[in-house]
Amino acid sequence: MSSELAFKSIRELRSALSRKEVSPTELLDDVMARYEKLEPELNMFAHVDFDRAREQAKAAEKRLMKGEVLGPLDGIPTSIKDLIAVKDMPQRFGSRATSDAPMAADAPSVERLRAAGAVILGKSTTSEFGCKAVGDSPLTGITRNPWNKQKTPGGSSCGAAAMVAAGLVPYAIGTDGGGSVRIPAAFCGLFGIKANFGRVAVYPTSATPTLAHVGPLARTVEDAAIVLAVIGGTDWRDPFTIANAQPDYAAALRAKRRLRIAWSPTLGYGRVDPEVADVTRQAAEKIASLGYQVDHIEKVMDDPIDMWMAEFYAGVGTRLRDMIESKPEIIDPSVLSVLRDAINQGLKTYYDSVFRRYDFREKMRSFFEKFDILLTPTVPVTAFDAGLDQPPAYEDKTIVSWATFTYPFNLSGQPAASIPVGFSKGGLPIGLQAVAASHDELSIFSLASAFEAASAGISNRHPPAS
């Protein structure tokens, strides 16, 4: 299937709209036609509402004709992960334990997208309550990777990643409580970023309120910067929201910064597939060749997975306790197991973990006194078979601990992104994680933009299922 509008960036679509080469309703028609082809193969959506999307596209068309465009997202279609509230759409969390009643109000990020004129197609699929790092749930079934439909797109923002990678939309909104933006970004060849904790407001309150981030997945670094500038900012409904003005992400794309960079292939505890290790090492070397100082640091930390699991799964388990006790059979069995363990932990065990987390955050703060960026593989493997909870060689790990590199930086709250840096011999994408000091998204955008400009062949490749 081909379309002149598929795989266009936000800037390219905005240009086509402003020159009236295509109208917002024609763009929506094109997306809907591609949806009809792609959705049966990839299973990207938990819910669609094309009638309301058409209303939004018509309103954008009227603004365009009057010269009253709201901004770079006006008239451009997108989707929202089904862990985020969207007015008049159900919020199912990928779970049969939830109601299909429509939500009464938008989350702050969705409000801001609407104010910017975005056309919202519907809700993208997720693993149940975002609890797994792969793309399936009891409610919606298996979401598939456009690069190889037998493989998982990663999770839990699986539908968002699949539709952006397949060229259906230029960006989509996901969430990240332990890597759920970065993992599928790596598996699907995208740039995905969780900004600093509190940069994008989360409301209604997440089941994991001290770990949850909302962020964009996009095919280009610039597109992610544009979207983050729209959805970020203070909202007093979220007590963790950052009150300071947002950084100028667009300016960071154009300015090469002097950065002190650490490259850690394992963080000190991870085991990495040789092909992923090789491609990410080459990416770190390429970054050094661009003029950056890159130091090899083998050990950065001990594995903090127990702290992360105590926090994340205790929150979700507490929210689902009644269902766990009354109807456990409707919950994903692998999710049920970790939730039971989490809610059965004693109070002392939980608070020991809480205070160890403060110590961990201080260690990360100290580390980033010496470095501006820490590079690691985003995930230790390429995309594996859909329907599995873990890669075959990682069956000794939990449903998230196999991912190794992403969850530490939800504990610390630092900005972190996955940058597409290459492919396996089998044609599967590989991502490099870039982590910055607290509140320093600009260093990530500057570095990622420089790497992208020097590696155009990576972003120009399109998956077979597109």
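What the table shows:
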read-out: Pairs with Cβ under 9 Å, 6+ apart, first in the range 215-232 and farther than 12 Å from G192 by Cβ, second crowded, with 24+ Cβ neighbours inside 10 Å and among the small types (G, A, S); value: A225/A218; I226/A218; V230/S109; V230/A118; I231/S109; I231/G215; G232/S109; G232/A195
read-out: Qualifying position, being among the aliphatic types (A, V, I, L, M), closer than 21 Å to G431 by Cα and at pLDDT 95 or above, among A201, A218; value: A218
read-out: Given (1) within 14 Å of A166 (Cα to Cα); (2) out of contact with any strand residue (DSSP E or B) (no Cβ under 8 Å at 6 or more places or on another chain); (3) among the small types (G, A, S), number of the condition S23 does not satisfy; value: (1)
read-out: Residue check for G122: touching a strand residue (DSSP E or B) at 6+ places or on another chain (Cβ under 8 Å), farther than 28 Å from I458 by Cα and small (G, A, S); value: yes
read-out: Hits in the range 387-435 (condition: buried (at least 24 other Cβ atoms within 10 Å of the Cβ) and charged (D, E, K, R)); value: none
read-out: Single match in G122, G71, G67 (criterion: crowded, with 16+ Cβ neighbours inside 10 Å and either over 18 Å from the mean Cα position of the chain (by Cα) or of a type outside the set (V, I, T) (or both)); value: G122
read-out: Any hit, the range 98-107, residues being of a type outside the set (G, A, S) and crowded, with 24+ Cβ neighbours inside 10 Å; value: no
read-out: Single match in G154, G198 (criterion: over 23 Å from A229 (Cα atoms) and among the small types (G, A, S)); value: G154
read-out: Residue in the range 333-353 that is of a type in the set (K, R) and either closer than 23 Å to Q390 by Cβ or at pLDDT 95 or above (or both) present; value: yes
read-out: Single residue of the range 74-103 satisfying the filter (under 21 Å from I142 (Cβ atoms) and of a type in the set (D, E, K, R)) that is nearest to the chain's Cα centre (by Cα); value: K81
read-out: Only listed residue being more than 25 Å from E362 (Cβ to Cβ), touching a Cys at 6+ places or on another chain (Cβ under 8 Å) and crowded, with 21+ Cβ neighbours inside 10 Å, chosen from L228, L339; value: L339
read-out: All helices (runs of 4 or more DSSP H) inside the range 177-264 with 2 or more residues being over 20 Å from G155 (Cβ atoms) and in contact with a helix residue (DSSP H, G or I) (Cβ under 8 Å, 6 or more places away or on another chain); value: 221-231, 249-254
read-out: Lone unmet requirement of (1) part of a loop (DSSP other than H, G, I, E, B); (2) surrounded by fewer than 24 Cβ atoms within 10 Å (Cβ to Cβ) for V134; value: (2)
read-out: E4 vs. criteria at pLDDT below 95 and among the charged types (D, E, K, R); value: yes
read-out: For F129: the one exception among (1) part of a loop (DSSP other than H, G, I, E, B); (2) on the phi > 0 side of the Ramachandran plot; value: (1)
read-out: Selection from the range 284-326 of residues that are assigned to a helix (DSSP H, G or I) and small (G, A, S); value: A284, A288, S289, A310, A314, G315, G317, S326
read-out: Test: residue in the range 95-113 that is in contact with a Gly (Cβ under 6 Å, 6 or more places away or on another chain) and β-branched (V, I, T); value: no
read-out: Residue check, G155 buried (at least 23 other Cβ atoms within 10 Å of the Cβ), under 15 Å from the mean Cα position of the chain (by Cα) and free of Cβ contacts under 8 Å to residues at least 40 places away in the same chain; value: yes
read-out: The lone exception for R11 - which of (1) farther than 24 Å from G135 by Cα; (2) surrounded by 17 or more Cβ atoms within 10 Å (Cβ to Cβ); (3) within 26 Å of the chain's Cα centre (by Cα) it fails; value: (2)
read-out: Selection status of R271, among the basic types (K, R), modelled with pLDDT of 95 or more and not in a strand (DSSP E or B); value: yes
read-out: Some residue of the range 340-349 being of a type in the set (A, V, I, L, M), farther than 17 Å from S180 by Cβ, assigned to a strand (DSSP E or B) and out of contact with any Pro (no Cβ under 6 Å at 6 or more places or on another chain); value: no
read-out: Any hit, the range 439-453, residues being buried (at least 24 other Cβ atoms within 10 Å of the Cβ) and among the aromatic types (F, W, Y); value: yes
read-out: Long-range neighbours under 6 Å by Cβ, at least six apart or interchain, first residue within 16 Å of K8 (Cα to Cα) and acidic (D, E) within the range 67-83, second at pLDDT 95 or above and in a loop (DSSP other than H, G, I, E, B); value: D74/G117
read-out: Residue list for the range 74-90, filter: charged (D, E, K, R), surrounded by 17 or more Cβ atoms within 10 Å (Cβ to Cβ), outside any strand (DSSP E or B) and in contact with a strand residue (DSSP E or B) (Cβ under 7 Å, 6 or more places away or on another chain); value: D82
read-out: Residues of the range 44-64 satisfying the condition of being buried (at least 22 other Cβ atoms within 10 Å of the Cβ) and either free of Cβ contacts under 8 Å to residues at least 60 places away in the same chain or part of a loop (DSSP other than H, G, I, E, B) (or both); value: M44, A60
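The values are calculated or read from the model by the stated rules, or taken from the named source; none is laboratory data. Worth saying up front: this structure is predicted, and the values here are computed from it rather than measured. All Cβ positions, even for glycine, are placed from backbone atoms using ideal geometry, and neighbour counts span all protein chains on display.
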